[in-house]
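Colleague: What follows is a single structure, and I will ask about it in a moment.
Rule-based calculations on the coordinates, nothing more; no lab input. Everything numeric here is computed off the predicted structure, so don't read it as measured data. Positions of Cβ are generated from backbone atoms using ideal geometry, with glycine treated the same way; all protein chains shown enter the neighbour counts.
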Amino acid sequence: MFENQIGAIIRLNRIQQNMSIRALAEAVGIEYSQLSKIERGLEFSNKLTIESIFDALDIDYQVTIDYIPICAHKVERLYHDMLYRKQKKTITDQLDEINFEARTIGISTPILMINLIHAVLYTETDFPYENLLSILKKVEDSMTSFQKQLFYQYSGFYHYLKRDIEQALNYLEIAETLYTNDSSSAMIAYQKGIIYSYRGETFEAYEHLNKAKYIFEQHHNYIRSIICSVSLANVFLLVERFDKASQMYQELLNIYDGLLMDIEDVSMICSSMLLGALMVNDFNQFFKVEKKFDKEVIDYLNHNINYIFYRIIALYQTKQYKECLLYIERFESFNLNLPRNHLIEYYKLKINAASQKRLYGTLKLNLKSLDKRNDYNFVKLVLKLIIKEYEASKDYETLYQYAMKLSQLKW
């Protein structure tokens, strides 16, 4: 999966130890320019020089050389298991083993890359993405084509997670030009489909997700194919086909039961089913769907910020104000600076009978922040709330403007 690149190992461990290239060259007794060439893979010095560099970094040269093929095999196996969505404990155990060995052997591009991929695929919110991406960027010139593809692919999806949509698509398109195999192509298509779905571009989303699903099935990666199906069902939500989406979700839940999948994957489907009820304003349906979930799923969802957010909306819309305020407290306890915080504030103000002026202002703030992040689903929701508020004011000019904005959203 990854080639033996001694220069990159030297550079990465030097950076990790906060040592300048000049300081390391001086410690070894060689010229700065020579070390620079070694790090970039442009010069293959004699073994004694390389060993001296490793000694200066407090790394055992021979142990590292012997470990490189072992590490490559472990990283390749772990990446395969993540693509095939193996049990989370299996994935975590493998990653912990690789990271533990890296403390002794030294870090390398494959080790950093697999940590980045894991963090993106499992959406680790506290992961030091920016720091790791900065370090990997410094060794990009020594990466193989496959490493570069993975770097741009998962950097791109990280930018999607932080809602920098244009940069995300730009990086994924670069990754596409570095095509190495069908599995990677399928993952890129899936990731682009997710982003287009988020932006409300349903045709592009459907096209990319369908492509990914087909490739995964051709390679017998049925678990990823099912995940694509979840996202395709979400596309039906965007065009308000809750009946079709709900049917697909139920079929997928039945399949997941047969595959004995992790609770995270089952919860992903269940959360999407609840979102569907919100998107078509069927708030009583939200609770009917929720009652069908196992206790294990509900317990898992109760630690998920999106589920808590969805439940606040459903509770408010069904006039369960006391419980709604309790869930608002839980939402605020996460202490996250989210655009949706303004919508939560709106519900609090509404329950406490705040002035119309404050309600308008809070909804407009929410709409502005969601617009910036291209959060299509909730832009629609907020627009509907604004229109409902302005109906009472009989401000028909403003009503018309917001109604036009709602009608012009992409389908």
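Colleague: Tilt of helix 202-218 relative to the longest C-alpha principal axis of the chain, in degrees (0 to 90, nearest 10)?
Modeller: Once rounded, one gets 50 degrees.
Colleague: I need 271, 393 ordered by Cβ neighbour count within 10 Å, fewest first.
Modeller: Details: 271 19, 393 11.
Going from least to most buried by this count: 393, 271.
Colleague: I'd like the orientation of helix 182-198 relative to the chain: the angle between its Cα long axis and the longest Cα principal axis, in ° from 0 to 90, rounded to 10.
Modeller: Its long axis makes an angle of about 30 degrees.
Colleague: Still on this model: Bin width 10 Å, origin at 0, all Cα-Cα pairs of region 1-141: what percent of pairs per bin?
Modeller: Percent of Cα pairs in each bin: 11, 41, 32, 13, 3.
Colleague: Which order results if 100, 127 are arranged by neighbouring Cβ count within 10 Å, fewest first?
Modeller: On the way: 100 10, 127 16.
Going from least to most buried by this count: 100, 127.
Colleague: Taking the simple approach of a point 7 Å from Cα along Cα-to-Cβ for both residue 101 and residue 287, what is their distance in nm?
Modeller: In this crude label model, residue 101 to residue 287 measures out at 5.4 nm.
Colleague: Fewest first, what order do 52, 407 take by the number of other Cβ atoms within 10 Å? Present the calculation step by step, with values, prior to reporting the outcome.
Modeller: Values: 52 17, 407 8.
Fewest-to-most ranking of 52, 407: 407, 52.
Colleague: Can you work out the Karplus-derived ³J(HN,Hα) for every residue in region 116-125? Use 6.51 cos²θ - 1.76 cosθ + 1.60 with θ = phi - 60°, whole Hz, and x for glycine or proline.
Modeller: Each residue's phi maps through the Karplus curve to give 5, 4, 4, 4, 6, 5, 9, 6, 7, 6 Hz.
Colleague: In units of 2.2 N^0.38 Å, what is the alpha-carbon radius of gyration of region 144-239? Could you put the intermediate results ahead of the total?
Modeller: Details: Rg = 12.6 Å, N = 96, 2.2 N^0.38 = 12.5 Å.
Against the empirical 2.2 N^0.38 Å value, I get 1.01 for region 144-239.
Colleague: Cross-link list 37/148; 211/288; 288/319; 348/405: which exceed 23 angstrom alpha carbon to alpha carbon?
Modeller: On the way: 37/148 20 Å; 211/288 34 Å; 288/319 16 Å; 348/405 26 Å.
In this structure, 211/288; 348/405 exceed 23 Å between Cα atoms.
Colleague: Continuing with this model, one more query. Treating only the Cβ atoms of Lys and Arg (+1) and Asp and Glu (-1) as charged, compute the dipole magnitude of the chain about its Cα centre; round to the nearest 20 debye.
Modeller: Values: 48 positive and 52 negative charges, 376 e Å.
It works out to roughly 1800 debye.
Colleague: OK, next. Evaluate 2.2 N^0.38 Å with N set to the residue count of region 337-411, then give the Cα radius of gyration divided by it.
Modeller: Numbers: Rg = 12.0 Å, N = 75, 2.2 N^0.38 = 11.3 Å.
Normalised by 2.2 N^0.38 Å, the Cα Rg of region 337-411 equals 1.06.
Colleague: If you don't mind, another one. Given only helices, namely DSSP H runs of n ≥ 4 each adding -39500 (n - 2.57), what is the per-residue ellipticity at 222 nm of the chain, to the nearest 500 deg cm²/dmol?
Modeller: On the way: 23 runs with 317 residues, N = 411.
The per-residue figure over the chain is -25000 deg cm²/dmol.
Colleague: In whole Hz, with x marking every Gly and Pro, tabulate ³J(HN,Hα) for region 231-244 from phi via Karplus 6.51 cos²θ - 1.76 cosθ + 1.60, θ = phi - 60°.
Modeller: 5, 5, 4, 4, 4, 4, 5, 4, 9, 6, 9, 4, 4, 5
Colleague: While we're looking at this one, here's another question. I'd like to know which of 307, 382, 87 lies farthest towards the positive end of the charge dipole of the chain, counting +1 on Cβ of Lys and Arg and -1 on Cβ of Asp and Glu.
Modeller: 382
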